[in-house]
Amino acid sequence: MGLEEVELTMAPVWDREGQSTRLLKASEAIARILALAIAVDRRETVPLNLAAGRVLAEAVRSRLDFPHWDNSAMDGYGIRAADVAAARPEQPVALEVIEEIPAGRAPMRSLGPGQAVRIYTGAMLPEGADAIAIQEEVMVLPDGRVAIPTAIAPDTFVRKKGAFGRSGDEILAAGTRLGPAEVALLAAAQCAQVTVFRKPRVAILSTGDELVSVDEPALKPGQIVDSNRYALEAFIQQMGGEAIALGIIPDDREVLKQAMERAIATADLVLSTGGVSVGTYDYVETLLGDLGAAIAIRSVAVKPGKPLTVATVPKAADQDNAQNPGNPCLYFGLPGNPASALVGCWRFVAPALRQMAGETVNPEAGRLRCIAAAMLPGAGQREAYLWGRVELRDGQYHFIPAPGGHNSGNLVNLVGTTALAIVPVGAGAIAAGDPVEVMVLGAGLAGLSA
């Protein structure tokens, strides 16, 4: 049976009105989510030292050439290539050294025929010089001249003015998230401040009578510490959002409704955990309907995290929405199990949050073809996500699954996760040694080296 046939026979789920609802494929769910994730249309100017992790709201054009002038790529001697065209080891060409030019000092003299300058990496070439003889390959004569034993082509070890970028060129496009390299480039271009999108505000609701705060002195039978709040706060901060934790909400319909109204009024995006299944105390979807939400997703054919509610909720215009009045709030109802909630964030919330921050999003970015280091079980008619890490061994990437199984309630073996292996729909399992597609999370590739 082919994958398309598997999808067509995918088991339905039932909504609260008893209507059959086909489980969405993950790719279809992400497409729907990105269609709803509207970029925060408010800009602010920040100093460059506070710009890391922010998303450019306007393209940046350089006021300078890169390099700013012709300069040396090596320590050595600036020469005229024509002077040494006939140089041979048995008949080197001797040149008069007329000046020493360290980095940061402008040349005082132009270079004439038969002359050279002592020069250092990054230093500006004098007028007339068009090549560098590196210091390891020349001989300094007793009279102070320098002997060049071989011909050197023009532009050898010369970084030409404007070779990397010209004044007026666009050096960073709008929608670029600023990392260390981008911030360095802006600094080199003398951009002391930049215009970025406001950080998306993300409200967090933890629902359930069983939840208690992290500082609860002694857990009673049946109680669980609200770890999801801290996991989601860390995730939001890592994604460049502003987290607004609204606390633990009991399984009380009216209390939850008020909390949801507060979250929607406060935030651009809401993340709630728990209350999205079809149990007696699972109120989230019903309350979203009461609040006028348009529900786009009820469940997705994935494991873990099948119960996933995604909706847009009307939001009155306010001061932050002056440029786009009525911009709806995007609501994600995530499962309460810790691994399910985080996997849902990594797979579905991350692209939405990045797009709302103004970033240009490719949902397929960060994928690697790896070798499975152990057997990876599938989930039948659902796409399975197995957490672990990626290592580079003998020139190939290998996916190392977390030890101890992949239980959606197991926070212990979720620690250290930098990647998710994706076992496709209909695959019974991926055998050890077989290829597997892997989604790398955040800076998961940072530790990989050739």
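Filter region 354-382 for residues that are touching a helix residue (DSSP H, G or I) at 6+ places or on another chain (Cβ under 7 Å) and either within 20 Å of GLU242 (Cβ to Cβ) or among the hydroxyl-bearing types (Ser, Thr, Tyr) (or both) and give the result. Steps first, please.
We begin by selecting, within region 354-382, every residue touching a helix residue (DSSP H, G or I) at 6+ places or on another chain (Cβ under 7 Å); these are 355, 361, 363, 381.
Matches in region 354-382: GLN355, VAL361.
In summary, PRO142 fulfils each of the numbered conditions (1) touching a residue at least 40 places away in the same chain (Cβ under 8 Å); (2) assigned by TED's automatic domain parsing to the domain that holds GLN91; (3) part of a loop (DSSP other than H, G, I, E, B); (4) not basic (Lys, Arg) with the single exception of condition (1). Within region 35-55, the set of residues being of a type in the set (Asp, Glu) and either within 19 Å of the chain's Cα centre (by Cα) or not in a loop (DSSP other than H, G, I, E, B) (or both) comprises just one member, GLU44.
Name the residues in region 402-427 that are assigned to a loop (DSSP other than H, G, I, E, B) and either hydrophobic (A, V, I, L, M, F, W, C) or touching a Ser or Thr at 6+ places or on another chain (Cβ under 8 Å) (or both), would you? Talk me through it step by step, then tell me what you get.
Step one: of region 402-427, the residues assigned to a loop (DSSP other than H, G, I, E, B) are 402-411, 415-418, 424-427.
Answer for region 402-427, where residues must be assigned to a loop (DSSP other than H, G, I, E, B) and either hydrophobic (A, V, I, L, M, F, W, C) or touching a Ser or Thr at 6+ places or on another chain (Cβ under 8 Å) (or both): ALA402, SER408, LEU411, VAL415, VAL425, ALA427.
Please determine whether any residue of region 75-89 is within 29 Å of LEU185 (Cα to Cα), touching a residue at least 12 places away in the same chain (Cβ under 8 Å) and part of a loop (DSSP other than H, G, I, E, B). Checked against the condition, which is being within 29 Å of LEU185 (Cα to Cα), touching a residue at least 12 places away in the same chain (Cβ under 8 Å) and part of a loop (DSSP other than H, G, I, E, B), region 75-89 yields at least one hit.
Could you tell me which residue of region 56-74 is surrounded by the most Cβ atoms within 10 Å (Cβ to Cβ), considering only residues that are assigned to a strand (DSSP E or B) and of a type outside the set (Phe, Trp, Tyr)? Lay out the reasoning, then the answer.
Here is the first cut: in region 56-74, the residues assigned to a strand (DSSP E or B) are 56, 60-61, 66, 71-72.
With of a type outside the set (Phe, Trp, Tyr) added as a condition, the list becomes 56, 60-61, 71-72.
Values: LEU56: 23, VAL60: 20, ARG61: 15, ASN71: 22, SER72: 25.
Looking at residues that are assigned to a strand (DSSP E or B) and of a type outside the set (Phe, Trp, Tyr), I get SER72.
Can you name the residue in region 26-55 that is among the acidic types (Asp, Glu) and surrounded by 14 or more Cβ atoms within 10 Å (Cβ to Cβ) and, of all such residues, is modelled with the lowest pLDDT?
Let us first name the residues in region 26-55 that are among the acidic types (Asp, Glu), namely 28, 41, 44.
Those still in the list that are surrounded by 14 or more Cβ atoms within 10 Å (Cβ to Cβ) too: 28, 41.
Details: GLU28: 95, ASP41: 79.
Among them, the one singled out is ASP41.
Looking only at region 359-375, residues that are modelled with pLDDT under 90 and over 10 Å from the mean Cα position of the chain (by Cα) come to 4 in all. Applying the condition of being among the aliphatic types (A, V, I, L, M) and surrounded by fewer than 19 Cβ atoms within 10 Å (Cβ to Cβ) to region 254-271 and asking which residue is farthest from the chain's Cα centre (by Cα) yields VAL255. Annotation: of all residues in region 230-253 being within 14 Å of GLY275 (Cβ to Cβ) and charged (D, E, K, R), the one that is surrounded by the most Cβ atoms within 10 Å (Cβ to Cβ) is ASP251. The listed residues are ALA82, ALA116, ALA151, and the only one of them that is aliphatic (A, V, I, L, M) and either out of contact with any strand residue (DSSP E or B) (no Cβ under 9 Å at 6 or more places or on another chain) or under 18 Å from PRO67 (Cα atoms) (or both) turns out to be ALA82.
ALA379 falls short on exactly one of the conditions (1) surrounded by 16 or more Cβ atoms within 10 Å (Cβ to Cβ); (2) among the hydrophobic types (A, V, I, L, M, F, W, C); (3) farther than 15 Å from GLY305 by Cα, and that condition is (3). Assessment of region 136-148 against the conditions (within 46 Å of the chain's Cα centre (by Cα), modelled with pLDDT of 95 or more and either of a type in the set (A, V, I, L, M, F, W, C) or closer than 30 Å to ALA57 by Cβ (or both)) yields no matching residue.
Taking each residue of region 147-175 that is among the charged types (D, E, K, R) and looking for partners that are buried (at least 16 other Cβ atoms within 10 Å of the Cβ) with beta-carbon atoms closer than 6 Å, six or more apart or interchain, yields ARG159/PRO67; ARG159/ASN71; LYS160/ASP70; LYS161/ASP65; LYS161/PRO67; LYS161/ASP70; ARG166/ASP65; ASP169/SER62. Assigned by TED's automatic domain parsing to the domain that holds ASP75, under 41 Å from the mean Cα position of the chain (by Cα) and surrounded by fewer than 19 Cβ atoms within 10 Å (Cβ to Cβ): is that true of ASP155 in this structure? Yes, satisfied. With the structure loaded, tell me whether ALA372 is more than 29 Å from LEU353 (Cβ to Cβ), touching a residue at least 60 places away in the same chain (Cβ under 8 Å) and among the aliphatic types (A, V, I, L, M) or whether it fails that test. Against the criterion (more than 29 Å from LEU353 (Cβ to Cβ), touching a residue at least 60 places away in the same chain (Cβ under 8 Å) and among the aliphatic types (A, V, I, L, M)), ALA372 qualifies.
The values are calculated or read from the model by the stated rules, or taken from the named source; none is laboratory data. These numbers were taken from a predicted model, which means no experiment stands behind them. Heads up, the Cβs are rebuilt from the backbone with ideal geometry, glycines too, and the neighbour counts pull from every protein chain shown.
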